[in-house]
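Below: the structure, in structure tokens.
The values are calculated or read from the model by the stated rules, or taken from the named source; none is laboratory data. Computed from a predicted structure; not experimentally measured. Quick reminder, even Gly has a Cβ in these numbers, built from the backbone with ideal geometry, and neighbours come from all protein chains shown. For accessibility, only protein heavy atoms count, side chains too; no ligands or nucleic acids. Shrake-Rupley method; radii C 1.70, N 1.55, O 1.52, S 1.80 Å.
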Amino acid sequence: MKNFKNTLQIGIALLALHSCFAHNTKPEPVFGKQRLLKVETPKTEKPAKQYVKIALLLDTSNSMDGLINQAKAQLWDIVNEFTHAKCGNDSRPDLQIALYEYGNDDLSSREGYIRQVINFSGDLDEISEKLFSLTTNGGEEYCGQVIHTSLKQLEWGKNEDDLKMIFIAGNEPFTQGKLNYKDASLAAKEKDVVVNTIFCGNYEQGINSKWKDGAISTGGEYMAIDHNRQVVHIETPYDKVIIQLNSKLNKTYVSYGALGASKVAAQSSQDNEAYGLHEEVAVKRAVSKSSRLYNNAKWDLVDASEEDEFDVSTLNEKDLPKELRNKSTKEIEKYIAGKKAERTKIQKEIQELNKKRQAYIAKNQKQQKGELENAMLNAIKNQASNKNYKWE
């Protein structure tokens with residue numbers, strides 16, 4: 001009987017030990033006996049990353065210089081609007097922009113006079129650079145084909161919560177070309193992409209040439225703008241200070257890797273391009289650079305240090321800027337932390353000044369905002385509400 005009890009106790013102990021391993025538990029001593037305590041692994045689920053994906057399809061035929069200039073001037077207004085956007089799960093969406101040109105004689109007739117200028121990208125400097133590279137020349141404008149091409153070439157993703165939009169702008173009949181715009185609209189609906197049309201000219205003329213029909217078939221919006229209208233800029237007492245802060249902001253970037261030197265040059269170049277259009281455009285770009293959407297983790301150590309997988313010790317010394325070579329890991333981390341603190345301070349100053357700037361503009365603005373900007377922002381907000389986006 002004694003042997004049986006011993007055997008039974010051993011069996012129970014073995015079963016407990018097996019249960020411990022099988023159910024991720026560990027024994028905890030309680031008054032000399034073993035009590036099994038289950039180890040709970042905390043679940044920290046991050047909300048799924050959401051994207052706002054916008055494809056701009058711009059007519060670059062001879063008559064569209066005004067449209068291109070409006071797009072250059074108002075890119076930063078659109079970017080800045082999304083710094084205030086929140087998804088339904090209270091996360092912040094990432095903004096990606098793609099750019100196509102069509103209707104230009106310099107483009108391949110075999111491709112339908114269509115060119116992808118830039119694939120979906122969140123690199124704001126690169127988007128700006130590509131936009132400023134556009135030139136106009138007469139050609140055939142095939143709206144249905146350029147919509148279809150952008151749907152086929154771009155990775156739109158399958159997340160139903162993403163906001164996916166095409167904005168196509170031009171001034172020729174929407175029906176031109178072999179590919180029917182209605183077929184392109186069906187393809188857009190299958191990918192949950194909304195097509196918005198911007199006719200450059202008279203509102204009724206755009207309706208008659210099927211631009212409105214091209215929009216409503218996907219639940220999009222039809223707009224008509226005066227693309228030759230000069231963008232109205234309102235100067236404020238805060239502009240020059242913001243531009244000065246932008247120069248200080250640039251000095252907080254710590255370039256690294258193969259892209260480093262060229263990207264620093266591109267950053268400065270796009271500052272100059274914006275300033276060349278108007279001081280106010282440079283101010284708006286500076287505001288964008290003070291936001292979360294201006295992220296350069298691929299070439300800047302400060303932004304890269306915010307990435308989960310970033311590890312200073314794995315950096316190759318030859319990829320570091322001269323001031324960080326032959327430095328210890330701790331010294332590099334301290335340097336990055338210092339630049340980060342400096343950047344955060346400058347960005348906060350720009351944001352605070354921009355609030356005052358916006359209040360000044362609201363008080364003194366007698367004319368409407370830019371034609372293209374108004375058209376796009378109104379459509380974006382209307383369609384974003386269908387995806388449970390909100391603005392703060």
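Brief remarks on what is shown
- So Tyr256, is it closer than 22 Å to Leu56 by Cα and either of a type in the set (D, E, K, R) or over 21 Å from the mean Cα position of the chain (by Cα) (or both): no
- Check on Gly276, surrounded by fewer than 18 Cβ atoms within 10 Å (Cβ to Cβ) and either in contact with a helix residue (DSSP H, G or I) (Cβ under 6 Å, 6 or more places away or on another chain) or more than 26 Å from Asn80 (Cα to Cα) (or both): no
- Here is the figure for segment 158-196: residues that are under 18 Å from the mean Cα position of the chain (by Cα), at pLDDT 95 or above and assigned to a loop (DSSP other than H, G, I, E, B) total 1.
- Subset of segment 73-117 (residues that are touching a residue at least 60 places away in the same chain (Cβ under 8 Å), among the basic types (Lys, Arg) and assigned to a loop (DSSP other than H, G, I, E, B)): Arg92
- Residues that are open to solvent by 30 Å² or more (accessible area, probe 1.4 Å) and among the charged types (D, E, K, R) were ranked within segment 129-157; the one that is modelled with the lowest pLDDT is Glu140.
- For Asn202, the conditions (1) at pLDDT below 95; (2) of a type in the set (S, T, N, Q); (3) open to solvent by less than 10 Å² (accessible area, probe 1.4 Å) all hold with the exception of (3).
- Among the residues making up segment 249-279, a single one is within 21 Å of Gln96 (Cα to Cα) and not in a helix (DSSP H, G or I): Leu259.
- Looking across segment 240-261, just one residue is open to solvent by 40 Å² or more (accessible area, probe 1.4 Å), of a type in the set (Ser, Thr, Tyr) and touching a residue at least 24 places away in the same chain (Cβ under 8 Å), and that is Tyr256.
Listed here are the residues, each with its yes/no results for (1) more than 26 Å from the chain's Cα centre (by Cα); (2) closer than 18 Å to Gly122 by Cβ.
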position: Arg285; (1), (2): no, yes
position: Asp311; (1), (2): no, no
position: Glu317; (1), (2): yes, no
position: Leu320; (1), (2): yes, no
position: Glu323; (1), (2): yes, no
position: Gln347; (1), (2): no, yes
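- In segment 98-117, the residues that are open to solvent by less than 10 Å² (accessible area, probe 1.4 Å) and of a type in the set (A, V, I, L, M): Ala98, Leu99
- Once segment 212-239 is narrowed to residues that are part of a helix (DSSP H, G or I) and within 27 Å of the chain's Cα centre (by Cα), the residue that is surrounded by the fewest Cβ atoms within 10 Å (Cβ to Cβ) is Ile216.
- Segments classed as helices (runs of 4 or more DSSP H), wholly inside segment 280-392, with at least 2 members that are of a type outside the set (A, V, I, L, M, F, W, C) and open to solvent by 70 Å² or more (accessible area, probe 1.4 Å): 329-364, 371-385
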